[in-house]
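Notes to accompany the following structure.
The values are calculated or read from the model by the stated rules, or taken from the named source; none is laboratory data. Please read these numbers as outputs of a predicted model, since none were measured by experiment. Backbone-built Cβ (ideal geometry, glycine too); neighbour counts: all protein chains shown. Ligands, DNA and RNA are stripped out before the accessible areas are found, and what is left, the full protein with its side chains, is counted by its heavy atoms. Shrake-Rupley method; radii C 1.70, N 1.55, O 1.52, S 1.80 Å.
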Amino acid sequence: MIAITGASGNLGKATLFFLLKQANPSDIVAVVREPAKMNELSGNGIQIRQGDYEDAASMEKAFAGCDTIMQVSSAVYGEQADRQERNVVDAAVQSGVKRVVYVSTLNPGNGKHFRAAVTCGATESAIAEAGLQYSFFRNSMYMETIPLFVGNALADGKIFYPAGDGRISFASRIDIAEGLAGELLRKRSGNEIFHITGEEAAGFGRVAELLASERSLAGDYTDIPDEAFAEALVGEGMANEEIDFYISMANSIKAEEFSMVSNDLETLLGRKRKTLKDYIRGL
Ligand SMILES: NC(=O)c1ccc[n+]([C@@H]2O[C@H](COP(=O)([O-])OP(=O)(O)OC[C@H]3O[C@@H](n4cnc5c(N)ncnc54)[C@H](OP(=O)(O)O)[C@@H]3O)[C@@H](O)[C@H]2O)c1
């Protein structure tokens with residue numbers, strides 16, 4: 001049996017849909033904090049089990065009888081994220097899971113600007129040290145997050161963000177979900193690390209250019225100071241820890257930690273990936 005964590009989220013739910021095209025529904029377990037969120041899928045024959053990353057015992061129970069799990073990275077920040085992800089790894093070990101397909105980030109590890117890179121690095125190490133078989137999906141940013149980065153630019157074409165000339169190899173979250181489903185069903189004997197990226201690394205200047213060419217908008221990018229960005233986030237009522245997280249993300253982009261381009265996603269899919277240009281045109 002295959003368990004999917006974060007199954008009520010964007011990536012988890014999309015992966016479930018791809019899995020359902022190829023696998024027996026009774027072999028699929030959707031692990032969610034609130035099972036009621038999965039009512040629309042309950043008629044499909046998949047098992048829906050409750051599990052919270054904060055509660056290792058609930059995750060252990062949810063993984064019972066599963067030999068493979070997809071571990072979706074935590075949705076919180078800092079030490080809480082580190083603890084939650086460790087809970088999932090411990091629960092996998094305790095429940096007898098053999099293989100973990102872990103949703104990581106492009107440049108995991110200590111010494112990186114991005115706070116989540118520290119969490120993902122620690123989780124990758126914990127999985128490997130526990131002797132679990134693994135496939136790590138080191139994901140670049142999802143294309144689908146572009147509207148969050150550019151804010152009002154979808155209306156006026158003007159992007160304000162503190163990333164300098166840093167580039168991102170945006171990948172489609174739907175493509176990634178299809179790649180994850182394929183990997184979960186693939187028989188592997190060893191461990192794999194995939195660098196999951198789009199086919200180009202684009203700075204926000206390039207994103208602005210595409211807003212101009214594909215959507216007839218002004219198409220203008222202004223690199224702003226971190227302080228101005230933080231001030232805007234305070235204005236939106238964001239908590240300090242979350243603001244630090246988003247500043248760490250911008251610093252990480254500026255330092256080119258998200259600019260790697262790899263063909264791994266195309267190889268996994270056996271077809272071309274969605275391009276940035278197509279995504280922006282279809283927004
Ligand atoms: N590469 C990128 O650009 C990018 C962007 C955003 C996020 N991410 C990372 O990738 C992950 C998946 O992305 P996504 O778009 O699918 O995010 P999402 O839509 O926010 O989904 C996150 C999932 O994690 C679940 N979750 C959160 N806290 C949990 C807990 N304490 N116990 C159990 N489940 C919990 C959520 O459940 P509920 O429905 O109960 O909240 C949801 O199913 C995110 O969690 C984040 O780590 C990456």
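General observations
- Taking amide hydrogens as placed 1.01 Å from N in the peptide plane, the amide H of Gly164 sits under 5 Å from those of Ile224, each at least 5 positions away in sequence or on another chain.
- Structural size metrics of the range 225-283, computed from C-alpha coordinates, are Rg and Dmax of 16.5, 45 Å.
- Glu192-Ala218 FRET efficiency (beta carbon distance; Förster radius 35 Å; 0.05 resolution): 0.20
- The chain - percent of accessible surface contributed by carbon and sulfur, probe 1.4 Å: 47 percent
- Mean ellipticity per residue at 222 nm, deg cm²/dmol - from DSSP H runs of n ≥ 4 across the chain, formula -39500 (n - 2.57): -13000 deg cm²/dmol
- Cα gyration tensor category, rounded, prolate or oblate, for the range 123-173 with a/c compared to 1.5: prolate
- If you wrap the tightest convex hull around every Cα atom of the chain and split its volume per residue, you get 129 Å³.
- Reciprocal mean inverse distance between Cα atoms of the range 132-248 - Kirkwood radius, Å: 16.2 Å
- With the highest mean first, a sort of the peptides 213-221, 139-147 on other beta-carbon atoms found within 10 angstrom per residue produces 139-147, 213-221.
- Here the Kirkwood formula, the inverse mean of 1/r across different C-alpha pairs, assigns the range 61-119 a hydrodynamic radius of 12.2 Å.
- For the peptides 35-42, 243-250, the ranking by packing is 243-250, 35-42, with the highest mean count of neighbouring Cβ atoms within 10 Å listed first.
- Here's the list of aspartates and glutamates a cross-link from Lys254 could span, going by alpha-carbon distance under 13 Å and ignoring same-chain residues fewer than 8 apart: Asp165, Asp223, Asp226.
- Counting heavy atoms of the protein chains alone, Val93 has an accessible area of about 60 Å² for a 1.4 Å probe.
- Excluding ligands, DNA and RNA, the accessible surface per residue across the chain is 44 Å² with a 1.4 Å probe.
- Once you reduce the range 106-141 and the range 166-244 to the center of their Cα atoms, the two points are 18 Å from each other.
- Among 162-168, 256-262, 68-74, sorting by the average number of other beta carbon atoms lying within 10 angstrom of each residue, highest first, gives 68-74, 162-168, 256-262.
- Bridge type composition, the chain - antiparallel percent by DSSP, nearest 5: 5 percent
- Taking the C-alpha atoms only, the angle from helix 115-129 to the longest principal axis of the chain is near 30 degrees.
- The chain, relative contact order in percent, only Cα pairs under 8 angstrom and at least six apart counted: 18 percent
- Fraction of alpha-carbon pairs over 25 Å apart in the range 1-129 - percent: 21 percent
- Taking all pairs of distinct alpha-carbon atoms in the range 76-180, Kirkwood radius in angstrom: 15.6 Å
- Binning the C-alpha pair distances of the range 196-257 at 5 Å intervals from 0 yields a P(r) profile of 4, 15, 19, 18, 19, 17, 7, 1 %, listed from the shortest bin outward.
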